[in-house]
Amino acid sequence: MLAELISPWFRAQARDLPWRRPETTPWGVLVSEFMLQQTPVARVEPVWRDWMDRWPAPSALAAAPRADVLRAWGKLGYPRRAIRLHDAAAAIAERHDDTVPSDVDSLEALPGIGSYTARAVAAFGYGLRAPVVDTNVRRVVARAVHGQGDAGPARTRADLADVDALLPARDTEAAVVSAGLMELGALVCTARSPRCADCPVAHACAWVAAGRPAYDGPRRPVQGFAGTDRQVRGKLMDVLRGAPGPVERSALDAVWSDAGQRDRCLHSLLVDGLAEQTDDGRFALPA
């Protein structure tokens, strides 16, 4: 029932995003999925376009120096994603003849690719039936199917089973419904201000039928950004990305006054392979 309502709505209302266009390759879909993790669409789109122009195939990215990859990643945040994508590109070029595999098991065997990304590539890159579960999808299912105001903490197996039960049997239609569930949660069935009057499944929604009760279950804690190690790492990476070559330690010291936190964050960048120290004691993006 829900699938029959979501599919025509998505076909009519879906945003025109470049990685959804017919000419986009599965590699383009994979790149978009890495970039979209915890990053808004508006920030991803221009960076994605630049990447696809520069590195249109896995082998092209695999051949690029890591410093160039990290500079091109820019301000998307969580730069370890760029390193993981670089590693995945190398594995695809070497193991799969430069073609992104289509089956979930082979995708999950690639560096840096988990269950969500593997299923998203299978569904959106190849049009296959694969339940794709993110925060938006979980919220839609929690409300429409279970009558709850929110989904609460993730329950991996149960969440996959819930979405799988909603998908049509046919591959191409199932892929459309998977995309539609995500779009519905992103644009209409939002966390704070759901637009039930505009929702294609409102008359079949268990939450609406129950009077839209407030969610009173467990919630995942929300971490702030200001003052966190993530903010400090970002500032240090900004210095390294903006420099044409290695920088003195003083250039990094200038961006954060708490020496202990700054040193801890710099060390973590070195351990994560996002920075390296040269023989003369300066710091740079990895070669």
### Query
So what J values fall out for region 108-125 if you push phi through Karplus, 6.51 cos²θ - 1.76 cosθ + 1.60 with θ = phi - 60°, rounded to Hz, Gly and Pro as x?
5, 7, 7, x, x, 10, x, 4, 4, 4, 4, 5, 5, 5, 4, 6, 8, x
### Query
So, in nm, how far is label residue 191 from label residue 248 when the simple model puts each one 7 Å beyond its Cα toward the Cβ?
4.4 nm
#### Entry: Given 13 as the ceiling on other Cβ atoms within 10 Å, longest exposed-site-free region of the chain for GluC sites (Glu not before Pro) in DSSP loops
24-247
### Task
Please check the chain for the longest run free of trypsin sites (Lys or Arg not before Pro) that are loop-located per DSSP (anything but H, G, I, E, B) and have at most 13 other Cβ atoms within 10 Å.
76-154
### Message
Which residues among region 1-44 fall inside the zone where the amide N is under 18 Å from a point 7 Å beyond the Cα of residue 198, along Cα→Cβ?
### Response
6-17, 41-42
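What helices does the chain hold that run 30 Å or longer along their axis, going by alpha-carbon atoms, with a Kyte-Doolittle average of -0.5 or more, using DSSP H for the helix calls? Don't skip to the answer; put the middle values down first.
Values: long enough: none.
Both cut-offs are met by no helix.
Quick note: the coordinates plus some simple rules give every number you see, no bench work behind them. Predicted model, so just to flag it, every value in this text is computed and none were measured. Note that we place each Cβ from the backbone using ideal geometry, even for glycine, and neighbour counts take in every protein chain shown.
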